[in-house]
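The values are calculated or read from the model by the stated rules, or taken from the named source; none is laboratory data. Owing to the predicted nature of the structure, the values given are computational and were not obtained by experimental measurement. Here the Cβ positions follow ideal geometry from the backbone for every residue, glycine too, while neighbour counts run over all protein chains shown. Accessible surface is based on the protein model in full, side chains and every heavy atom, while ligands, DNA and RNA are left aside. Shrake-Rupley method; radii C 1.70, N 1.55, O 1.52, S 1.80 Å.
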Amino acid sequence: MARIAGVNIPTNKRVLIALQYIHGIGQKSAREIITKVGIEEARRVNQLTDAEVLQIRETIDRDYTVEGDLRRENSMNIKRLMDLACYRGLRHRKGLPVRGQRTHTNARTRKGPAKPIAGKKK
């Protein structure tokens, strides 16, 4: 089992798909990585040599922000907005949609399950 960026990537999948198990690497980034290293897309993870796995690991460490660092960076950005008390920060603080969606109806994912109001009838 190959371990890259602190994640055990599945061995029986193609390298392009397996790299996407790492937080912060999507399809485009995975394709860029395997072209830099020089691996064809049809190869499976269990067919990679140790040297190729090491090259992939070094490329990711050098060129991409992934996993814990990326999560930390995102949470610090949100915390900065909340500390500034700007509109987006206040929406984060209240747990409401941040990007201008309506909240009269919908927004249940962000607001949580509906709370019944006492005395309200149809």
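Quick look at the numbers
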read-out	value
Contact order relative to length of the chain, as percent, for alpha carbon pairs under 8 angstrom and 6 or more apart	18
Estimated distance in nm for a label pair at Thr65 and Lys120, the labels positioned 7 Å out from Cα along Cα-to-Cβ	4.0
Mean Cα-pair separation over length for region 73-115, i.e. relative contact order, pairs under 8 Å, 6 or more apart, %	22
Stretchable slack from Lys13 to Thr49, in nm (0.36 nm times residue separation minus alpha-carbon distance)	11.5 nm
Rounded to whole Hz, the Karplus (6.51, -1.76, 1.60) HN-Hα couplings of region 44-55, x for glycine and proline	9, 5, 6, 8, 6, 7, 4, 5, 5, 4, 5, 4
Cα→Cβ-extended label distance, 7 Å offset, between Lys94 and Thr35, nm	4.5
Where the chain is the region considered: accessible area per residue in Å², 1.4 Å probe	72
Per-residue ³J(HN,Hα) for region 85-99, Karplus 6.51 cos²θ - 1.76 cosθ + 1.60, θ = phi - 60°, Hz, x for Gly and Pro	6, 7, 4, 4, x, 5, 5, 4, 4, 7, x, 10, x, 8, 9
Surrounding net charge for Asn77, when Lys and Arg each add one and Asp and Glu each subtract one, Cβ distance under 13 Å	+2
Added length on full extension, which subtracts the Cα-Cα distance from 0.36 nm per residue, Lys111 to Ile78	10.1 nm
Charge sum, other residues only, whose C-beta stays under 10 Å from Asp63's C-beta, Lys/Arg counted +1 and Asp/Glu -1	-1
Hydrodynamic radius of the chain per Kirkwood, over alpha carbon pairs, in Å	17.7
0 to 90° range, to nearest 10: angle between helix 27-37 axis and the chain longest Cα axis	20
Lysine pairs in region 20-122 with Cα atoms under 21 Å, if 8 or more residues apart or on separate chains	6
Charged-residue dipole, Cβ positions (Lys, Arg, Asp, Glu), the chain about Cα centre, Debye nearest 20	1640
